[in-house]
Amino acid sequence: MSAAAIDGLAELKPLIETYYPEESAEVRQGLPLQELLVQLDLAAGGTDREDARRLASERLAAMKDADFRDRMNTDAAFQRVVTEVAAYICAVDPYRMRRNPGCTSIKAIVKRQLQMEKTTEEAARATATTPAPPMQSYEEHRDSWLGRLQESSAGEPSARF
């Protein structure tokens, strides 16, 4: 089920939905159905794992910035899948000595989200009647979903992945 989801074999979605409940509680806990479905939706139609991950990153980049941010903040399964896609797609392939071309899409998402965050902070400071709270610390940013995506797209190894 996991390989089918990661590889974007969307034609297996009905089988996964049908037989998933029959899996042991241990399997279901380690492999939540919601994450499988998000992976299937994002990677659908890929010819292989690399292509499925590229498609997933392109679909993510095509989302409206506000919708992407809202979903990352409210949907834990979506956040885990996106973080996993970013870590996988932006890692250097040791056999080809290159990154998947989809990493460019992840970098574009990070750039737009950072700009959106900066604009939001500036607007909040401009309208605040009380002193603004201190900006997010480096550690808080690094541990946030945006910090993890930024770290992955830069190609830096991360202890979180």
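The values are calculated or read from the model by the stated rules, or taken from the named source; none is laboratory data. Nothing here was measured: the structure is a model prediction, and the numbers come from that model. Cβ: placed from backbone, ideal geometry, glycine included. Neighbour counts: every protein chain shown.
Points to keep in mind about this one:
- Within region 1-46, restricting attention to residues that are charged (D, E, K, R) and surrounded by 12 or more Cβ atoms within 10 Å (Cβ to Cβ), the residue that is farthest from Arg80 (Cα to Cα) is Glu23.
- Candidate set from region 23-77 (those that are hydroxyl-bearing (Ser, Thr, Tyr) and either under 13 Å from the mean Cα position of the chain (by Cα) or in a helix (DSSP H, G or I) (or both)); member that is farthest from Ala10 (Cα to Cα): Thr74
- All positions within region 47-65 that are surrounded by fewer than 17 Cβ atoms within 10 Å (Cβ to Cβ) and polar (S, T, N, Q): Thr47
- Residue in region 13-34 that is within 26 Å of Gly147 (Cα to Cα), in contact (Cβ under 8 Å) with a residue 24 or more places away in the chain and touching a Lys or Arg at 6+ places or on another chain (Cβ under 9 Å) present: yes
- Residue satisfying condition, being at pLDDT 95 or above and in contact with a helix residue (DSSP H, G or I) (Cβ under 8 Å, 6 or more places away or on another chain), within set Ala56, Ala87, Ala132: Ala56
- Taken over region 90-126, the residue count meeting the criterion of being assigned to a helix (DSSP H, G or I), at pLDDT 80 or above and not acidic (Asp, Glu) is 16.
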